[in-house]
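Where a number appears in this text, it was derived from the coordinates with a stated rule and is not lab data. All values derive from a computational prediction rather than experimental measurement. Neighbour counts run over all protein chains shown; Cβ positions are idealised from the backbone, glycine included.
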Amino acid sequence: MSGSTPRRALVTGADTEIGRAFARRLHAGGDELVLAGGPRDALEALAGELDGAASGTRPEVLPGDLADPDDLDLVVRRLQADTRPVDLLVVGPSPPHTAGLPEADPTDLRAALDRGAGAVLALLRAALPGMLARRHPGPAGVITVAGVAGFLPATGAAGLDGAVQAYVVTLTESLAQALARDGLALTTVCPPPPGTGRGPRAVPLRLAPPTPDAVAAAALADHAAGRALSVPGVPTRALVSASRLVPYPAARLAAGRGGPRGRRGPRGTRTGTALVTGASSGIGAAFVDHLAGTGHDLVLVARDTDRLEATAERLGRQGVQVEVLVADLADAAGRRRVAERISGGAPVSLLVNNAGYATAGEFVDTDPAALRANYEVNMAAVLELTAAALPGMLARGEGDVVNVSSVAGFLPGRGSVYGAGKAYVTALSRNLALTVAGSGVRIMALCPGFTRTEFHQRLGQGRPGPDWAWLDAERVVAEGMEDLESGKAVSVPGAVYKTIVGVTRLVPRSLLRALAARSGSGRG
């Protein structure tokens, strides 16, 4: 609480140790509390403990599982309420993944993504407009709990956690930069998890994790100071800084994934059946033509029936076997049809997750349904389709997955949900590449910069930047396939963008955020 002005805070994950630590510190400081996103018994017990303390009132309780749409909606509506409004949102830690790919149950896999990423997106969109309108001096705003796994290579379940945390970090940083001038502070706190680095799940580390109370104290102090990134503990901060300087092959060796000859995946050209999402235009269409020319049969996935059928007819005249699968990947039924084709039809030797979704305008003004569609296409579809492909590929000892990401994923772009989603895709791809090392399966993130497609036109935007900064889709695909065939886990086409990504590893994140703030208006 700041001065004599009361503040109301909503804390999710209040059944966790870190969530409880936040609740206790906020209550001790005089803030009113809403405890959300956990079992009723645990939340009621904490509310009773705080009610018996010397100061404050009994916290309000909103139990539930944030992966459940109905339970999440209760918290969303509470954040949007004008009566007893929420001034500070603390999004506590979500439960970690219990298994990695390919072992994870698809339902559990999706629930973990929704708790860790989907809920964060929905809660921030619900909370921020009201906070901007009220301008509470508290300080008001948001604290999200991510983790150092968002910066580090990891395998198995820890790798899935790391990809989600990379999303939370990038989303929070980008919104912090977009909303700082409006008086709202957003901070993401990144503690190491208990037992970081033990066993085969992560790069070996020997860090004594800070106590939950120390994590909460550091995050609240950094939030009050207006810092976007909070990393408790000097050793952990040094680790995060150093991790950005370590080349991926060295990280792979540190994770115990191959000797000098195993720094990359298997090399060479492969053929078979390729399934391409977003195949009707842009980079997806360039993939289709490239793969048809290298002897692949094709399964084309997109929403545009007419374009898909025209492409299939054209390639069919060239002797290419083409299957058309019309599906909207923003829709669960569409994703399910594609996943069933991958896992149940003729073997898919190459999966290209290319379909993308972006929105224009400020985050707080963007329709929540559009933000949800962005999440489903750019993140959930990539995870679900990759999960459908990997069991068969691993069983055959051969297969490739190319996830089309973006250079935007390396930058905390101003207010950009798109960039945060691409940070997830890149981290997911790198960590899965580590997980499947030595299996004969290759997984790669393709990270283009500005590319001459319909992408910006559909957003009603012109082409920013000089002409020399723009790449042709055919060049993006050609360089990406060369990198896949050379066993790389991350491909950045074009010398300009290789340089930009290299520089981002050297420049402090605070400076990257400042540069992003000068780049124009935020995007949903």
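Structural remarks
- Dividing the helix sum by the residues of the chain, where each DSSP H run of 4 or more adds -39500 (n - 2.57), gives a mean residue ellipticity at 222 nm of -13500 deg cm²/dmol.
- Database remark: amide H of LEU62 closer than 5 angstrom to the amide H of LEU35, ALA36, GLY37 (H placed geometrically; neighbours at sequence offset of 5 or more, or on other chains; Pro and chain starts carry no H).
- One chain, two ends: ALA478 and ASP51. Fully extended at 0.36 nm per residue, the span grows by 147.4 nm beyond their Cα-Cα distance.
- Seen against the Cα atoms of the chain and their longest principal axis, helix 156-179 is set at about 70 degrees.
- If you wrap the chain in the convex hull of its Cα atoms and look at it from every side, the mean projected area works out to 22.8 nm².
- In the chain, a dipole from Cβ-located charges (positive for Lys and Arg, negative for Asp and Glu) runs towards its positive end, and of GLY356, THR83, LEU179 it is LEU179 whose Cα lies farthest in that direction.
- For the range 8-243, the relative contact order is 17 percent, taking Cα pairs closer than 8 Å that sit 6 or more residues apart in sequence and dividing their mean separation by the residue count.
- Shape call, the range 44-96: gyration tensor on alpha carbons, a/c limit 1.5: oblate
- Taking only the C-alpha atoms of the range 318-438, Rg followed by Dmax gives 15.6, 49 Å.
- Once the C-beta distance of ALA214 and ALA81 is scaled by a Förster radius of 30 Å, the resulting FRET efficiency is 0.40 to the nearest 0.05.
- Put simply, the amide H of ALA67, placed in the peptide plane, has no neighbours under 5 Å, leaving out anything fewer than 5 places away on its chain.
- Between amide H atoms placed 1.01 Å from N, distances below 5 Å from ARG442 occur with GLY399, ASP400, VAL401, all of them 5 or more places distant or on a separate chain.
- Charge dipole (debye, nearest 20) of the chain; +1 at Cβ of Lys and Arg, -1 at Cβ of Asp and Glu: 1780 debye
- Fully extending the segment from GLN321 to GLU60, taken as 0.36 nm per residue of separation minus the present Cα-Cα distance, adds 87.9 nm.
- Farthest toward the positive end of the dipole of the chain, out of LEU113, ALA495, ALA427, is the Cα of ALA495, where the dipole comes from beta carbon charges about the Cα centre.
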